[in-house]
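Below is one structure, written out as structure tokens; the observations come after it.
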Amino acid sequence: MPPEPSAPPPRPFPAGFVWGAATSAFQVEGAAAQDGKGPSIWDAFCREAGRIADGSSGEVACDHYHRLEEDLDLLAWLGVGAYRFSIAWPRVQPAGSGAVNEPGLAFYDRLVDGLLARGIRPFATLYHWDLPLALQERHGGWRSRETAHRFADYAAIVGRRLGDRVASFATLNEPWVVAVLGHERGVFAPGIADRATAMQVSHHLLLGHGLAVDALRAAGTAAPVGIVLNLSPAHARTTSAEDAAKARLEDGLGARWYLDPLFKGRYPADVLAHLGPDAPAIRDGDLQAIGRPIDFLGVNYYMRTVASAGEPWSPAQAGAAVTDMGWEVYPAGLTELLERLHRDYAPPPLYITENGAAFKDLAAAGAVEDEDRRRYLADHVAAVAEAIARGVDVRGYFVWSLLDNFEWASGYEKRFGIVRVDFATGERTPKRSAHWYRQFIAANGRA
Ligand code: IFM
């Protein structure tokens, strides 16, 4: 074996800093129709011809549902202090409202108890995109306010069942993706391409978040409650006024549209003006609900975006190093983003709830070489250390992802795992990056 590459962080992390790994239900669980689970919009989307690059689905995925103990042991071997997973709403409520599916809740009991037995803190996310299909068919999904209320009911069910053991609850994962990729560009489930719908969806998602915060607290959990956003600094490609304006608008639509109502009690005026008739209908009291104080903000960071007035959205500066997704490798953007959040929003404690990269790995004879990923992770961890040194309150870091998994419209072609999954056999093989992360966590102390 070649020697372990060493990339010590530039500075030590504060005592109690949480090192973790993340996944989401639809991407790893499989067992799509087992033990009473209802269908989700992603189950239906995968069945539509041409939606998923390799024609695959989440039917089996990593088969985590059946390999739970093995995956829990993998987390224990890594030495993480926390595991971020999501709960599949249609496993808990197959029709999205009404009847609760006991075997579904029992699975998450086993997951949570299995983590606790290994000394790993459970960080649960309630919604990572797998909406019960019945809600889409009955009410048009997140287009309808009804879904925000049903989400709060579901949050109460989970809060009552798991709230005594879960260490952290996030309501939503990346509402921008649900709204824009799912309802404006139509490339993710439910495959709608209409901007006015997308903006209404974004408002209902935020409303659902606020209602779920109240519902979780009313359920009696002592766990911190927050939300997870995907955020990228938007840089102008040139120094022209047009490119600067485009960058400001991208930042408005991608970041301020979510951060301002959460932390300032209003939507950004420039974005509302830009949207004109596509702006959402907002009722009295909605912004108060959305702005309920939260205990943490989860930040998912992968790249910056580069805005140019003459071109569509671009995730990379020309000539820059990119990952297998075509996303620019730009660790400095993470420090910049964290400082900006600290400066502009005075947010509650921050967690990096996702950071990682898809690369083509070299798998041979039981070892998987992924130096690109290892370097990506080491450089981004160093960027977090830099932000902390500059005064930002960051409490934890979760690598995306524990396992290679179902990468949405890219199917299984893009691999983000620090552990390789052979999808033909289900076999797991820790990659070089997993060995590095394990040593890194051990050296920095497990919180
Ligand atoms: O795989 C996704 C995850 O579900 C949400 N955040 C981004 C990841 C990589 O695309």
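Coordinate-derived values only; no laboratory data. Predicted model, so just to flag it, every value in this text is computed and none were measured. Note that we place each Cβ from the backbone using ideal geometry, even for glycine, and neighbour counts take in every protein chain shown.
Partner lysines whose Cα lies under 24 Å from the Cα of residue 246, excluding those fewer than 8 positions away in the same chain, are identified as 264. Counting only lysines at least 8 places from residue 431 when in the same chain, those with an alpha carbon closer than 29 Å to its own are 360, 414.
Dipole magnitude for the chain: computed about the Cα centre from +1 point charges on Lys and Arg Cβ and -1 point charges on Asp and Glu Cβ, it is near 860 debye. Per-residue extension of 0.36 nm, minus the Cα-Cα distance of residue 110 and residue 429, leaves a gain of 112.5 nm for this segment. Between residue 270 and residue 363, what is the FRET efficiency for a Förster distance of 45 Å, r being their Cβ-Cβ separation, to the nearest 0.05? Efficiency, from the Cβ-Cβ distance: 0.40. Protection proxy ranking, highest mean first, for peptides 395-408, 338-351: 395-408, 338-351, where packing is the per-residue count of other beta-carbon atoms within 10 Å, averaged. Peptide packing: for 381-388, 309-316, the average count of neighbouring Cβ atoms within 10 Å per residue gives the ranking 381-388, 309-316, highest mean first.
Phi-derived couplings, Karplus 6.51 cos²θ - 1.76 cosθ + 1.60 at θ = phi - 60°, listed residue by residue for region 394-405: 10, 10, x, 9, 10, 6, 9, 9, 4, 10, 3, 7 Hz, with x used for Gly and Pro. Evaluating 6.51 cos²θ - 1.76 cosθ + 1.60 at θ = phi - 60° for every residue in region 191-208, the Karplus couplings come out as x, 9, 10, 7, 5, 4, 4, 4, 6, 5, 4, 4, 5, 5, 4, 5, 4, x Hz, glycine and proline recorded as x. Helix content alone sets the calculated 222 nm mean residue ellipticity of the chain: runs of n ≥ 4 DSSP H residues at -39500 (n - 2.57) each, divided across all residues, give -11500 deg cm²/dmol.
A cut-off of 5 Å between modelled amide H atoms, ignoring neighbours fewer than 5 places along the same chain, links residue 396 with 18, 352. The phi torsions of region 424-434, fed into the Karplus equation with coefficients 6.51, -1.76 and 1.60 and a -60° offset, translate into couplings of 7, 10, x, 4, 9, 9, x, 7, 3, 5, 5 Hz, rounded to whole numbers, with Gly and Pro shown as x. Remark on residue 266: its backbone amide H falls under 5 Å from none of the residues 5 or more positions apart or on other chains, H modelled at 1.01 Å from N.
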